[in-house]
Amino acid sequence: MIEYSLFYEYKARCLVVNPLLIEFPHEFETERLHIRMPLPGDGNIVFNSVQASLPELKPWMPFAHYEQSEEAREANIREAHINFLKREDLRLLVFLKETGQLVCSSGLHRINWQVPKFEVGYWADSRFTGNGYVTEAVTGITNFAFTELKARRMEIRCDSRNLKSRAIPERIGYKLEGILQNEDTAVDRPELRDTCIYAKVSV
């Protein structure tokens, strides 16, 4: 009976958490990077980053197959800004501290504030790949989630064939919990794909 009582007390505490009232920084830094929420006016730089990276993005990212325009990207950025403030989705843009250039887009998605649990997503500007920026960004975002958001579980999901994406969680200590077979469809061709699930949990 005591265990059940503690369980329901825990659930009751979780249910009263209103994400809108959770205070945390909207930007932070790592050794080389400045990471922050999207702001109105960021659409142009994100548009240019996407355009420069389309060949590398199209095999893996559905948005790379949509018609691209600066206006649509700006609208998307403003929506991401609103979602961040509403705590529904925490997209993050990653810039070089030294030059201010955008090097990748990341964020915390599929949020369950009751756990709390987050999924890290990311794509890189292909002009800046090979320098470890995505690894540094995802490491920083993971640490931010554990320290500032009190995360209990972090996930990274990716296509099993996307070896570059898989290398990130493997490099920074995420555990491969399993591979879901025929879990999704390819974004660039009519075939089924397997999804890897990597996770890191707090003790």
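The values are calculated or read from the model by the stated rules, or taken from the named source; none is laboratory data. This structure is a prediction, so every number in the text was calculated from the model and none was measured. Here the Cβ positions follow ideal geometry from the backbone for every residue, glycine too, while neighbour counts run over all protein chains shown. Accessible surface is based on the protein model in full, side chains and every heavy atom, while ligands, DNA and RNA are left aside. Shrake-Rupley method; radii C 1.70, N 1.55, O 1.52, S 1.80 Å.
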Flagged pairs (Cβ under 6 angstrom, 6 or more apart or on separate chains; first in region 181-193, closer than 13 Å to Trp60 by Cα; second part of a loop (DSSP other than H, G, I, E, B)) are Asp188/Lys58; Asp188/Pro59; Arg193/Ala186
Within region 180-203, the residues that are in contact with a helix residue (DSSP H, G or I) (Cβ under 9 Å, 6 or more places away or on another chain) and at pLDDT below 95 are Val187, Asp188, Ser202
If we ask which residues in region 80-98 are over 13 Å from the mean Cα position of the chain (by Cα) and more than 20 Å from Ser49 (Cβ to Cβ), their number turns out to be 4
By my count, strands (runs of 3 or more DSSP E) wholly in region 127-203 with at least 3 residues that are open to solvent by 80 Å² or more (accessible area, probe 1.4 Å) are 175-185
Report whether or not Ile35 is at pLDDT 95 or above and assigned to a helix (DSSP H, G or I).
-> no
- Message: Would you confirm whether or not region 104-112 contains a residue that is within 19 Å of Phe63 (Cα to Cα), open to solvent by 40 Å² or more (accessible area, probe 1.4 Å) and not charged (D, E, K, R)?
- Response: yes
Reported set for region 25-74 where residues are among the polar types (S, T, N, Q), crowded, with 17+ Cβ neighbours inside 10 Å and over 25 Å from Asp188 (Cβ atoms) is Thr30
